[in-house]
1. Among B:Leu462, A:Leu648, B:Leu450, which comes first, second and so on when ranked by fewest other beta-carbon atoms within 10 Å?
2. If the cut-off is a Cα-Cα distance under 15 Å, which aspartates and glutamates reach A:Lys94, setting aside same-chain residues fewer than 8 apart in sequence?
3. Below 10 angstrom from the Cβ of B:Ala125, what's the summed charge of the other residues (Lys, Arg +1; Asp, Glu -1)?
4. Under the classification rounded if a/c is under 1.5, otherwise prolate if a/b is larger than b/c and oblate if not, where does segment B:486-633 fall, given a ≥ b ≥ c as square roots of the Cα gyration tensor eigenvalues?
5. List the distances, in nm to one decimal, from the label point of A:Val132 to the label points of the same position in every other copy, shortest first, placing each label point 7 Å from Cα along the Cα-to-Cβ direction.
6. What net charge is computed for the residues neighbouring A:Lys573, neighbours being all others with C-beta under 14 Å from the C-beta of A:Lys573, Lys and Arg scored +1, Asp and Glu -1?
7. Calculate the tail of P(r) for the protein assembly as shown: the fraction of all Cα-Cα distances greater than 48 Å, expressed in %.
8. On a 28 Å Cα-Cα criterion, which of the cross-link pairs B:Lys192/B:Lys573; A:Lys192/A:Lys378; B:Lys343/B:Lys409; A:Lys127/A:Lys652; A:Lys192/A:Lys641 come out too long?
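Readers should treat all values here as calculations from the given coordinates under stated rules, not as data from a laboratory. From a predicted model like this one, the values you see are computed outputs, not experimental measurements. Here the Cβ positions follow ideal geometry from the backbone for every residue, glycine too, while neighbour counts run over all protein chains shown.
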2 protein chains.
Amino acid sequence: MLLNAHAVALCLAASLSAVSGQTFQRLGTCPDLGCVIPPDQQDFLPGQEFDIRFEIHAPKNGSEAFNNGVPDDKFSATIAKDGGKARSIAEFFKLSEPALEKWTFSWFEDLFARDAKTPSVVNVASKAYRRVALYAPGTYTVTLSYYSGKTTTAEWTVRPLATKKKAKNVIFFIGDGMTTNMITAARLLAHKTVNGRYQSHLALDDFPVVGHQMTHSIDSFITDSANSATALYSGHKSSVNALGVYADSSPDPLDDPKFETIVELLHRIWGSAWGAVSTAFIADATPAALTAHSRLRSTYGVLVDQALNGVQNYSWTGTGGPDVYFGTGAEQFLAGPGSYQGKDYYAEFAKKGYSVSLNKTSLAAAPNDKRALGIFCKSNLPVWLDRNVFTDNMASAKNDPSGADGPAKDLPGLKDMTLKAIDVLHKRGGKNGFFLMSEAASIDKQMHALDYDRALGDLLELDDTVRATMKKLEELGILDDTLVVVSADHGHGFDVFGSSDTKYFAAQTDDRAKREAIGVYQNSGLSQYTTPKPGVSYGTGANFPLNWDPRYVIAGGQGANPDHREQYGVGHKPREPAKVGANGEAYVNNEDRPNGFVVNGTLPTGDTQGVHSLTDVPVYARGPCQEAFGGTYSNIDVFFKMAGCLGLGWGKNVTEGAGGADGPGCHPKRATVELP
Amino acid sequence: MLLNAHAVALCLAASLSAVSGQTFQRLGTCPDLGCVIPPDQQDFLPGQEFDIRFEIHAPKNGSEAFNNGVPDDKFSATIAKDGGKARSIAEFFKLSEPALEKWTFSWFEDLFARDAKTPSVVNVASKAYRRVALYAPGTYTVTLSYYSGKTTTAEWTVRPLATKKKAKNVIFFIGDGMTTNMITAARLLAHKTVNGRYQSHLALDDFPVVGHQMTHSIDSFITDSANSATALYSGHKSSVNALGVYADSSPDPLDDPKFETIVELLHRIWGSAWGAVSTAFIADATPAALTAHSRLRSTYGVLVDQALNGVQNYSWTGTGGPDVYFGTGAEQFLAGPGSYQGKDYYAEFAKKGYSVSLNKTSLAAAPNDKRALGIFCKSNLPVWLDRNVFTDNMASAKNDPSGADGPAKDLPGLKDMTLKAIDVLHKRGGKNGFFLMSEAASIDKQMHALDYDRALGDLLELDDTVRATMKKLEELGILDDTLVVVSADHGHGFDVFGSSDTKYFAAQTDDRAKREAIGVYQNSGLSQYTTPKPGVSYGTGANFPLNWDPRYVIAGGQGANPDHREQYGVGHKPREPAKVGANGEAYVNNEDRPNGFVVNGTLPTGDTQGVHSLTDVPVYARGPCQEAFGGTYSNIDVFFKMAGCLGLGWGKNVTEGAGGADGPGCHPKRATVELP
């Protein structure tokens, strides 16, 4: 069955090779004209709820033109378990047949078609079967039949049951965009070597288990943070910009087929507490993916509402809202154009019993037994380096979270937010435990800006937070009950390749002569960031550089760049490497690193920033189930490993609010419902 | 004691901060004017033999000028264990006092001094204590006293005893310059995904344990392959270009203080067989470091002689010569200017009982019970991609290993060499087992040339070799007795960031327009290297790309570059990105990737190649002791983990050739000698 499915797919793919979807795709998960979503070769946790969509495509023009652009609306679909009897989807899931939907979309077959402005137009007939689940582990074959004889098959695997909760708590740290290369560089900045031996280490260096996860999307080998977070939280890879859904081709970003996330499962099955902490605006992809079900990560207002109230346009499993929600992005909370339906989401959260903190002082004072919202500024949190070293950069910001003019003040950092989150979650989770996701978001954001030092500063803040978290867990007596996982969602192709003598660099007036300041191999020397400099003291503690601005600095970079200047050494101002000119193209920003030499870029000339890269990213694990995280695996396996450790794979429907106390754990409202 | 030593070092370092050795160093391991080598904070295996050198520096001029340039030749040194009584070095090790040595060297304090041609000149007084060992685990403090009151201290740690052999055999694969980023890219080229799931995997992906090792040198944060191989094989970090020695400041590259390597230990203690396989010339750093003791990796002829005959200028532990030595670099074997003393090393090896193979056919026919030399061409082995796909590139080579004109023919690959090596080593090692180092050298060499595809081809060849090795070990019934470790010695900052539409790229005539061909994020699409192309078949097997030259190729690069052109896609000719012009500076090579766009470099303008990078590199382990290789550690720990697993840490002198059969293992000539 598997081989047949592939043979069909390969055969069609070959015939369509001229348009096989590389730069642009008709629909990434659909190589032929009938689409099964979830597509072939997807994995499910037993009992994980999800939607199914079928689409029949009728391209009106272009190299795939078919049936005069009329999609077959008499398609049918069946499902069979382990080669058994095929039953119709509606019968199998005991649903009534959904309504037929129709729409049209267009795409470009390649860049030549884009330049010629000749889109290919596709008419679609579709049906969606909402909120189903597969309970029995095994292999399911879904067959879509259309155009009188064509078929598309998909094989779905339901993984083994996992009903035992081995970790009471899980804390999942995400260094957004963080790679092994960056971790190595951060260690070099903050920790001193003597004759080749580090005198201190990163907290990450002390983790007993290391693994690697592959980050690629379902339909492209480079991912964004939305669909990689989706994979990490749900076990389903998706497409760039998609959160908690498989992408369909419909125009509505909120009707795409959903699947249940780890916090939805955890809430439904164990009634545990859960929280999200981020240095990004909280509607950004990585925190939002815990609760979001949207094709477009930019539907920010909706995402905040989904976090609080769950999915509103369909009946769906939910979380009852986070117990902790700490981050930034006041734009989505202040009543106005940035918030959902213009509502005041500070008030919406408060109505549901949340304490609301807008600064570090009120965060510290928030009661631990109450659900807690903390939104500390507009946009993203200023980075660690600006909060702690180049503090002048914050004075001119207009990011007060209350909507007042002027800068946000009394800002917490990732460590403050995370430790408070643990206090609240530990209290509120009680016997049911908790799940916390804590994100160092600006490792990614600053790597996009090629601001290596600001990125590494935030990486060190993450490491410092991990260290403090271990101590906190020990103090609370829950270190051994808590699985701590630290990983990333994707990389940037950054690495350090030497040092630069800033004094010599500055003394040269010619771009090529400046490059002579760079020392490679033996001339790279040792880190001077750990050498005390008289008069320089930031008070940032043992796990950070003593001097961010030494004469000899790291020289690093990446292969994916816009036009930019390289000067090396910390920028006292945040970086903006390229600017878009009047012709819509990006060029070197002459105000950024003005004494640097120009490097022409490798990216499309509209891009002003660096981009994500392919590399597998590291996974560090400590605590119950840590041994499961060694070796190399897909990002979806991070979900399955965590979900397995949390006992979230049940062979029966564990239903919220069904009354009784006979469900797993001690959630008072939980009951299991036996299925046929 | 530790703190005091650091305080002294820090204090002196601060006072010398203007010249603290970054781009250039007086002597990397010597921050003050008295040098203890091995320096502070070095680790030793119990019983591991090594040399000690003391140097007193008297700078004649420059910012460190001292004592009118007259070095104190009345210096003295003591050693004390665990804070106990200090004894003179000669007394402690029962040696007579060595002769005083004197020399002069010079260095530049920084790039300004280099430009001004104003070197600092240093006169040196020195003594070397040769071939000592520390047997008892613990901490030893060495104190050098000089200039009537100055002291330099060094703390040495002897690690715990390890006398039990837990793995009969160890196979250590080194992908030179290989990073996680490259492994990810290689997987993408050779293995197909369907909707986000890989249909097959790298052999590396199946290893149960992953770790990360830090690669930095003892005195610079970027390493070369010489000193990183030294660290991996001996547990001692060293300086760029150094093999099996700590660098001293003397002019003679063959008098620097040595330390025993893993194959010297293994031969001495267990009488095991050992071998080296490489796709580099066999005198290159990574294979040579197993037996070499030289400050200069470029002393190639000497290194081959050291491999066969051991160190000749001092009494030293040896290996009796390799049981297997397979690689290239006929220049060092053919009688002539490239060989040691102009001798014919094919004949020298033959005299000592080696079979000598110069091609794949004779390699296969070589007897397994005899020691085996195989040298298959001059220079490095042509890369996998040229041997298997672009075979025309080999026709014009003048690399016949016999010295005849014309190209080498009937070349083996890494897999052929490695599998044959296992046959010989298994046979010859018998009950005593074996150690094999097998290196994929051109991952590094081709990354230097920015030839990403050729590098990844050789990475895939390594992976294919690892897969075949596992099968071979199983066939021989020794899979469970054999620790297999796959790692690297350092990285290059390469990563993939998207795809390039080669058709669109070629159709653009302007450098900026060509960049529009690059697809990032969702526009990267999926690998087309795994899609069959009619008429294209290389016959290279399941673990390699089906098509190296698809329309949509990977776009990747690194931050460290000479001026070069980027065209993306496989080059049918090997790459030479930059050329040195008449003024001694490197510029874009107009013949390389002639249709690409120009990217100006970030490296010093004399450099024609990419350089090594900082990143920690992955370690994959499988077999006895595999669990020791998880987490994050130094490259020296790879040695200690392997040596511990092989039972190479003895608290008494296990002496070769002492007669009797009471030693460990069953080596007939082995005896242990109790020490006081």
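1. A:Leu648, B:Leu450, B:Leu462
2. A:Glu49, A:Asp51, A:Glu674
3. Numbers: positive: B:Lys74, B:Lys102, B:Lys127; negative: B:Glu55, B:Asp72, B:Asp73, B:Glu101.
Taking every other residue near B:Ala125 into account, the sum is -1.
4. Details: a/c = 2.02, a/b = 1.19, b/c = 1.69.
Oblate is the answer for segment B:486-633, as a/c is 1.5 or above yet b/c matches or exceeds a/b.
5. Spacings between copies for this position, smallest first, are 7.7 nm.
6. On the way: positive: A:Arg454, A:Arg565, A:Arg575, A:Arg593; negative: A:Asp386, A:Asp392, A:Asp451, A:Asp453, A:Asp549, A:Glu576, A:Glu591, A:Asp592.
So the surrounding residues net to -4.
7. Values: 321209 of 913276 pairs.
Of all Cα-Cα pairs in the protein assembly as shown, 35 percent lie more than 48 Å apart.
8. Check vs 28 Å cut-off fails for A:Lys192/A:Lys378; A:Lys192/A:Lys641.
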